[in-house]
1. For a quick check: with amide H placed at 1.01 Å from N, whose amide H comes under 5 Å from TYR223's, ignoring anything fewer than 5 positions away on the same chain?
2. With axes computed from alpha carbons, what is the tilt in degrees of helix 120-143 against the longest principal axis of the chain, rounded to the nearest 10 within 0 to 90?
3. Treating cross-link reach as a plain straight distance, find the aspartates and glutamates whose alpha-carbon is under 16 Å from the alpha-carbon of LYS104, omitting any fewer than eight places away in the same chain.
4. Output ³J(HN,Hα) for region 224-240: one whole-Hz value per residue in order, computed from phi by the Karplus curve 6.51 cos²θ - 1.76 cosθ + 1.60 with θ = phi - 60°, and x for Gly and Pro.
5. Between ASP98, ASP211, ASP280, find the one with the highest GNM mean-square fluctuation for the chain; connect C-alpha pairs within less than 10 Å.
6. Could you pull out every residue, at least 5 positions away or on a different chain, whose amide H is within less than 5 Å of the one on SER307? Hs are placed 1.01 Å off N in the peptide plane, and Pro or chain starts have none.
7. For the chain, what is the mean residue ellipticity at 222 nm derived from helices alone (per DSSP H run of n ≥ 4: -39500 (n - 2.57); sum divided by total residues; nearest 500 deg cm²/dmol)?
8. Averaging over all projection directions, find the projected area of the Cα convex hull of region 176-310 and quote it in nm² with one decimal place.
Amino acid sequence: MYLAELMARPQSEKGKILIVDDQPLNIKILHQLFNEEYELFMATNGEQAIAICQKVQPDLVLLDIEMPGMSGFDVCQHLKADPETASIGVIFVTAHFDEVQEVKGFQLGAVDFIHKPINPIITTARVKNQFTLKRQSDLLHSIALLDSLTGVANRRQFEQRLPELWKHCCRNQLALSVVMLDVDFFKRFNDRYGHQEGDQCLRQVAKAISDSLRRGIDFVARYGGEEFICILPETPLSGAMNMAKNIVNAVQALHLEHVDSSFKEVTISAGVSSVIPRQDLTWQSLIETADQQLYLAKERGRNQIASLSL
Ligand SMILES: [Mg+2]
């Protein structure tokens with residue numbers, strides 16, 4: 001996903017709030033306050049609240065403490081103990097101002113308290129603050145895993161992803177492939193056209209690569225300098241070679257002028273490796289093999305593919 005899309009997304013989507021209260025009148029008051037700006041869900045007891053959280057993953061829960069059966073504290077504890085729902089923000093709503101109770105609420109992981117009777121201005125401000133914080137933290141988290149120049153995943157994200165996919169393919173005995181890519185004669189390109197043009201070239205190449213990946217599980221990262229790497233899970237060598245060919249063709253089809261290249265335009269070389277992961281191999285060996293194949297493709301004249309199964 002590109003940075004611009006990512007930045008645009010939070011404004012275009014409505015935040016989700018779950019309102020939990022055993023008194024329908026209280027739900028009604030909160031509903032009137034937030035109905036326009038947010039997507040709302042309602043529950044009148046703890047069990048219902050937990051089920052809705054698991055199903056729709058709201059951003060925020062406005063949670064009544066005093067309810068028959070499961071109390072708000074019980075619900076919060078339950079949500080925080082489950083990794084699937086732990087990051088949902090909880091604001092407690094209570095009719096009693098009690099310091100001991102507030103301390104307990106914060107210790108359980110609540111982000112704020114609201115007191116009944118509901119004051120519309122205070123309540124709206126508290127909810128808005130939580131949404132701002134959550135969006136900023138979501139955005140920071142995403143940015144930390146993206147390459148700032150090209151908007152594709154960065155090496156850090158790659159190094160998290162590959163071991164996960166390695167385990168997945170090992171467990172299910174499925175083929176896993178990687179494609180290592182390197183822009184040909186890129187130093188000459190920078191020397192001739194300057195670094196600004198070099199950056200622009202890398203952005204276009206990154207887009208050509210990511211546009212070539214069709215499946216949601218395929219993954220591309222900027223590996224360093226002018227190097228990119230794709231992970232293709234559940235893909236044998238033949239499929240990975242087809243993908244590499246598509247990428248090599250897509251980059252040449254950009255027709256970016258490069259007078260100091262033997263091809264007179266920007267091209268890319270690819271090293272492909274593939275394996276059905278086993279215990280006696282490491283994911284690093286898959287990258288090493290792809291890297292060696294990339295070297296071979298370069299040796300053989302660039303703008304081509306070399307491949308090997310482990
Ligand atoms: Mg109540």
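No value in this document is a laboratory result; all are computed from the given coordinates. The model shown is predicted, which means the values in this text are computed figures rather than measured ones. Note that we place each Cβ from the backbone using ideal geometry, even for glycine, and neighbour counts take in every protein chain shown.
1. Long-range HN contacts for TYR223: PHE228, ILE229.
2. Relative to the chain, helix 120-143 is tipped by roughly 20 degrees.
3. ASP64, GLU66, ASP74, ASP112
4. Karplus-based 3J(HN,Hα) across region 224-240 equals x, x, 9, 9, 10, 9, 10, 10, 10, x, 6, 10, x, 4, 4, x, 5 Hz.
5. Comparing ASP98, ASP211, ASP280 in the GNM, the peak value goes to ASP280.
6. VAL272
7. -16000 deg cm²/dmol
8. Over every viewing direction, the Cα hull of region 176-310 projects on average to 7.5 nm².
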